[in-house]
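Input: a single structure, listed below in structure tokens.
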Amino acid sequence: MDVLFGLILMLVGFQVLKRSEERQRILLLGGFLRKYQLEPRMAQLTDGYLRALGESDPERADPIWRMLAGTEAALQQELSQLANDLKDVWGERLRVSRWPVGVPMATRFFPQASFDFRALVLLHAQALERVLRNDEGLSRKDCAFRTTAELLLFQHSCHWFCRSRAVASARLLALHKTAYAQVLAGVSPATRDAYRALTGV
């Protein structure tokens, strides 16, 4: 009975510490995101892509593409600015555990099993800039698909920082009906290689 009671106390303590750490991370990242319109712009962009690609008449689709170009530019600028803002934050506060599930203080006690979120956000900013520049000369459809994948991976990274990789992947599937592996397959090879090198996925 004493052993069972001790296990229950340990479990409760674990959950309290875990939630406290998650709350601190959400507040930290939320404080930076608050001044930007990243999420609304992402939703506007993905909805716009669907509308433009759904038009059978190119003349009707062209005004939608032109409107979306402004949203793309604004998103790219804001993501680059976010990466710049995070440079001044003390590094230990922005470590992310490579473990799939959240464990309190894992980044402090096992720093070798973590990576720097600042580097990850910079990676996403550079990836979005590359795909919007379209150096590969992709079609509008392929460029829209890749841009969407890059943005979904950025969103996944934010959820991973705040909670865990497993929770981020579950949210990706629930919100966008898209698996984590599918998003990784949809980004550019350069993004995927750099992402895997940094995160160890």
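Kirkwood Rh and Cα-based Rg: tell me the resulting Rg over Rh for the range 69-201, rounded to two decimals. Walk me through the numbers on the way to the answer.
Details: Rg = 14.8 Å, Rh = 15.3 Å.
Computed over Cα atoms, the ratio is 0.97.
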I'd like to check one number: the per residue accessible area of the range 78-193, probe 1.4 Å, reported in Å² as a whole number. 48 Å²
Starting from the amide H of residue 178, placed 1.01 Å from N in the peptide plane, find each other amide H under 5 Å away whose residue is 5 or more places distant or on another chain. 173
Measuring from the longest principal axis of the C-alpha atoms of the chain, the long axis of helix 165-176 (C-alpha) lies at a number of degrees, nearest 10, equal to 40 degrees
Can you return the lysines within cross-link range of residue 87? Criterion is Cα-Cα under 24 Å, with same-chain partners fewer than 8 residues away left out. 35
Taking Cα atoms, how many degrees apart are the long axis of helix 2-33 and the longest axis of the chain, rounded to 10 and kept between 0 and 90? 30 degrees
When the accessible area of the chain is computed with all protein chains present and a 1.4 Å probe, what percentage of it is carbon and sulfur? 58 percent
Where does helix 117-133 land angle-wise versus the long Cα axis of the chain, in degrees 0 to 90, nearest 10? 10 degrees
Packing-wise, with mean Cβ within 10 Å as the measure, how do 28-39, 182-193, 71-82 rank, highest first? 71-82, 182-193, 28-39
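The values are calculated or read from the model by the stated rules, or taken from the named source; none is laboratory data. None of the values given here were measured: they were computed from a predicted structure. Here Cβ is always computed from backbone atoms with ideal geometry, including for glycine, and neighbour counts include all displayed protein chains. The accessibility values were calculated without ligands, DNA or RNA, using every heavy atom of the protein model including side chains. Shrake-Rupley method; radii C 1.70, N 1.55, O 1.52, S 1.80 Å.
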